[in-house]
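The values are calculated or read from the model by the stated rules, or taken from the named source; none is laboratory data. Given the structure is predicted, the values throughout are model-derived calculations rather than measurements. A quick note on method: Cβ atoms are made from the backbone with ideal geometry, for glycine too, and the neighbour counts reach across all protein chains shown. Just so you know, the surface numbers come from the protein's heavy atoms only, side chains and all, with ligands and any DNA or RNA stripped out. Shrake-Rupley method; radii C 1.70, N 1.55, O 1.52, S 1.80 Å.
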Amino acid sequence: MSISSHHDAIITVSGISKTFPNGVRALDDVSVSIARQEVLVVIGPSGSGKSTFLRCLNGLETVDRGTIVVDGIPLDHDRSNRLEIRKEVGMVFQQFNLFPHMTVGENIDLAQRRVRGTSAADARTVSLELLAKVGLEERVDSYPARLSGGQQQRVAIARALALRPKVMLFDEATSALDPEMIGEVLDVMRALAAEGMTMVVVTHEMGFAREVGDRAVFIDEGRFVELASAQRLFDAPREDRTRAFLSKVL
């Protein structure tokens with residue numbers, strides 16, 4: 001894939017900074033342009049700003065400076081813009097956040113009906129299609145408590161996909177899972193990447209990041225230390241800080 005000129009970018013981030021009330025500067029003058037169908041993987045130590053960067057991309061965190069544009073819509077203080085971007089940008093978190101009193105099918109139906117105004121019958125059709133996609137069609141009537149962590153996370157991915165987003169954000173989607181469950185979630189993410197879904201993935205799974213990522217960015221202390229093709233960054237990092245980090249995690 002040719003990466004990534006501004007004219008084919010679906011997300012353009014220009015000079016964003018974010019400091020929390022406790023004085024911690026989570027992001028410091030970060031810029032990147034993400035192309036349609038690109039998979040950008042984000043790596044770095046704990047507390048480096050990875051999750052904050054992801055949360056800024058769909059408006060869960062507001063930036064102090066700089067601009068974010070998603071598919072031509074500026075992510076600013078205009079409430080209608082923010083709501084539109086939330087529809088276009090799906091997010092999967094470390095924790096599954098499924099409603100425990102609802103079945104798997106009802107969890108996936110809900111957003112379609114509330115946000116898209118989809119009929120109950122049409123929503124259920126989509127939910128079943130997405131559950132088949134993540135290998136859980138037979139669990140449509142199960143409650144989340146009856147599922148393993150890996151199954152719950154796959155349901156969470158199906159729920160995010162139900163709004164037909166143009167971009168998917170993954171915030172360490174496997175970090176809360178037992179090791180044997182990680183693979184089943186990564187397989188779903190691999191399939192999405194192969195289908196051409198634009199993805200921004202914060203992950204500790206370095207093998208997966210190198211395999212699936214088009215580009216990788218190493219972030220530390222809120223700054224993009226190194227941004228390159230995933231293969232180049234993992235095989236031949238140019239910055240001392242990147243090399244030091246990778247020597248500990250590979």
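Looking at region 97-141 only, could you name the residues that are closer than 24 Å to Leu186 by Cβ and either open to solvent by 70 Å² or more (accessible area, probe 1.4 Å) or hydroxyl-bearing (Ser, Thr, Tyr) (or both)?
Asn97, Ser127, Glu129, Lys133, Glu137, Glu138
Of everything in region 166-183, what is more than 13 Å from Glu205 (Cβ to Cβ) and touching a Gly at 6+ places or on another chain (Cβ under 6 Å)? Give them in sequence order.
Answer for region 166-183, where residues must be more than 13 Å from Glu205 (Cβ to Cβ) and touching a Gly at 6+ places or on another chain (Cβ under 6 Å): just Met168.
Please go through (1) in contact (Cβ under 8 Å) with a residue 40 or more places away in the chain; (2) touching an Asp or Glu at 6+ places or on another chain (Cβ under 7 Å); (3) surrounded by fewer than 20 Cβ atoms within 10 Å (Cβ to Cβ) for Lys87 and return the number of the only condition it doesn't satisfy.
Answer for Lys87: the failing condition is (2).
Only one residue in Ser46, Ser51, Ser80 is open to solvent by 60 Å² or more (accessible area, probe 1.4 Å) and within 21 Å of the chain's Cα centre (by Cα), so which one is that?
Ser46
All but one of (1) on the phi > 0 side of the Ramachandran plot; (2) open to solvent by 30 Å² or more (accessible area, probe 1.4 Å) hold for Gly59; state the number of the condition that does not hold.
Answer for Gly59: the failing condition is (2).
Do we have Arg25 as basic (Lys, Arg) and under 17 Å from the mean Cα position of the chain (by Cα) here?
For Arg25, the condition - basic (Lys, Arg) and under 17 Å from the mean Cα position of the chain (by Cα) - is not met.
Among the numbered criteria (1) out of contact with any strand residue (DSSP E or B) (no Cβ under 9 Å at 6 or more places or on another chain); (2) among the aliphatic types (A, V, I, L, M); (3) part of a helix (DSSP H, G or I), which single criterion is violated by Ala209?
Only one criterion in (1) out of contact with any strand residue (DSSP E or B) (no Cβ under 9 Å at 6 or more places or on another chain); (2) among the aliphatic types (A, V, I, L, M); (3) part of a helix (DSSP H, G or I) is unmet by Ala209, namely (1).
Kindly provide the set of residues from region 188-204 that are at pLDDT 95 or above and either open to solvent by 50 Å² or more (accessible area, probe 1.4 Å) or in a helix (DSSP H, G or I) (or both), ordered by number.
Across region 188-204, the qualifying residues are Val188, Met189, Arg190, Ala191, Leu192, Ala193, Ala194, Glu195.
Looking at (1) in contact with a strand residue (DSSP E or B) (Cβ under 7 Å, 6 or more places away or on another chain); (2) within 29 Å of Arg232 (Cα to Cα); (3) among the hydrophobic types (A, V, I, L, M, F, W, C); (4) part of a helix (DSSP H, G or I), find the lone condition where Ile182 falls short.
The failed condition is (1).
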